[in-house]
1. Do we find that Val10 is modelled with pLDDT of 95 or more and among the hydrophobic types (A, V, I, L, M, F, W, C) in this structure?
2. Do the conditions hold for Leu259, that is, is it surrounded by fewer than 20 Cβ atoms within 10 Å (Cβ to Cβ), over 28 Å from Gly83 (Cβ atoms), aliphatic (A, V, I, L, M) and at pLDDT below 95?
3. Whether any residue in segment 144-162 is under 21 Å from the mean Cα position of the chain (by Cα) and surrounded by fewer than 16 Cβ atoms within 10 Å (Cβ to Cβ) is what I want to check.
4. Would a scan of segment 238-256 turn up a residue that is assigned by TED's automatic domain parsing to the domain that holds Glu179, modelled with pLDDT of 95 or more and exposed (fewer than 13 other Cβ atoms within 10 Å of the Cβ)?
5. Within segment 112-120, is there a residue that is within 15 Å of the chain's Cα centre (by Cα), over 21 Å from Ala288 (Cα atoms) and of a type in the set (A, V, I, L, M, F, W, C)?
6. For segment 66-106, give me each residue that is among the charged types (D, E, K, R), buried (at least 19 other Cβ atoms within 10 Å of the Cβ) and in contact with a strand residue (DSSP E or B) (Cβ under 7 Å, 6 or more places away or on another chain).
7. Within segment 34-57, does at least one residue satisfy the condition of being polar (S, T, N, Q), within 20 Å of the chain's Cα centre (by Cα) and closer than 28 Å to Asn303 by Cβ?
8. Can you run down the residue pairs with Cβ atoms below 9 Å, 6 or more apart or on separate chains, where the first is in segment 147-158 and closer than 16 Å to Val173 by Cβ and in the same structural domain as Ile188 (by TED's automatic domain parsing) and the partner is of a type in the set (D, E, K, R) and not in a strand (DSSP E or B)?
Amino acid sequence: MVLRTLACGVCHSDVHLADGFFDLGGGNRVDLTRSVAPPRIPGHEIVGEVVALGPDAEGVAVGDRRVIFPWVGCGTCAFCQSGEEHLCAASRALGVNRDGGYADHVVVPDAKYLLEYAPLSAAQACTLACSGLTAFSALGKVAPIPAGGRLLVIGAGGVGLSAVRLAQPVLGVAPIVAEPDQSKWTMIREAGAAETLDPTVPGSARALVKATGGGVAAVLDFVGSGQSFEFGLSALARGGRLVVVGLMGGSTHFAPALLPLKAATIMGSYVGSLAEFTELMRLARSGALPPMPVQLRPLADANAALDELRAGRVHGRIILSP
């Protein structure tokens, strides 16, 4: 199927893809130039209108407007067969391994990846395909929060802000948000945060442990740097869970003895499944989520948008439209 692009979100992972690597710290990198060989059109948060159908296409018609699940797998491996094709080693993800939404049209291999989004706007719906889905999947990994337990969200970029918006409807808690950029704090509270703090202030993790009576029950790290990992682990209560989502990079010294001493669980979370996306869209279409702050830009501003995101100047999500 061919869809005319209506809206495409600019995600921080697009910056890593444009740079060609993930930083592991100490001069070590994950080279992306083989799996994401240029030329490649980025953009994986896509809403489009169906304009052409292949001979085997079923379930959609020309003129239908849909949000796209971009994390397409090979279709045959164990991950794909179990419904976790976002973890497929032979991924065909749109905007990553196949051309994506920074274009006027995009090709989608199967109608099952096209979900209805009304009554949401195209700009709101497209953000759910990555930032929303990634946050939703990460929140599911710390559910349920025990009675009286607190949730800490580290980082309020596009994905972290999605987690703040989703925390109450998914987990029934208003999170504490650690974000050093205080110009974002009003936006964070409007999205549903109970408290905000600056994690770069000396002693802030220790103060948080004291204020929460021993630490938080769960931490979602949407930064993924050495410093954010250290902060999250320091703030975690005994028996708590730390989920690392962000890909900012760097490294940190880690003492393995902390895991048994805290009885802590540390795990990673990468985007989400088609089943999770279907559930998220049902929730979003019900009107349960506060809107994501968005900035609408023409497609010609794509490089400038990436530069702004790289420099940390974006509040919410930039949405490109041809």
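The values are calculated or read from the model by the stated rules, or taken from the named source; none is laboratory data. Just so it is clear, the model here is predicted, and its values are computed rather than measured. Heads up, the Cβs are rebuilt from the backbone with ideal geometry, glycines too, and the neighbour counts pull from every protein chain shown.
1. Yes: the conditions hold for Val10.
2. Details: surrounded by fewer than 20 Cβ atoms within 10 Å (Cβ to Cβ): yes; over 28 Å from Gly83 (Cβ atoms): yes; aliphatic (A, V, I, L, M): yes; at pLDDT below 95: yes.
Considered against the rule, which asks whether it is surrounded by fewer than 20 Cβ atoms within 10 Å (Cβ to Cβ), over 28 Å from Gly83 (Cβ atoms), aliphatic (A, V, I, L, M) and at pLDDT below 95, Leu259 comes out as yes.
3. Yes: segment 144-162 contains one or more residues that are under 21 Å from the mean Cα position of the chain (by Cα) and surrounded by fewer than 16 Cβ atoms within 10 Å (Cβ to Cβ).
4. Taking every residue of segment 238-256 in turn, at least one turns out to be assigned by TED's automatic domain parsing to the domain that holds Glu179, modelled with pLDDT of 95 or more and exposed (fewer than 13 other Cβ atoms within 10 Å of the Cβ).
5. For segment 112-120, residues within 15 Å of the chain's Cα centre (by Cα), over 21 Å from Ala288 (Cα atoms) and of a type in the set (A, V, I, L, M, F, W, C): absent.
6. Of everything in segment 66-106, just one residue is among the charged types (D, E, K, R), buried (at least 19 other Cβ atoms within 10 Å of the Cβ) and in contact with a strand residue (DSSP E or B) (Cβ under 7 Å, 6 or more places away or on another chain), namely Arg66.
7. no
8. Val153/Glu179; Ile154/Glu179
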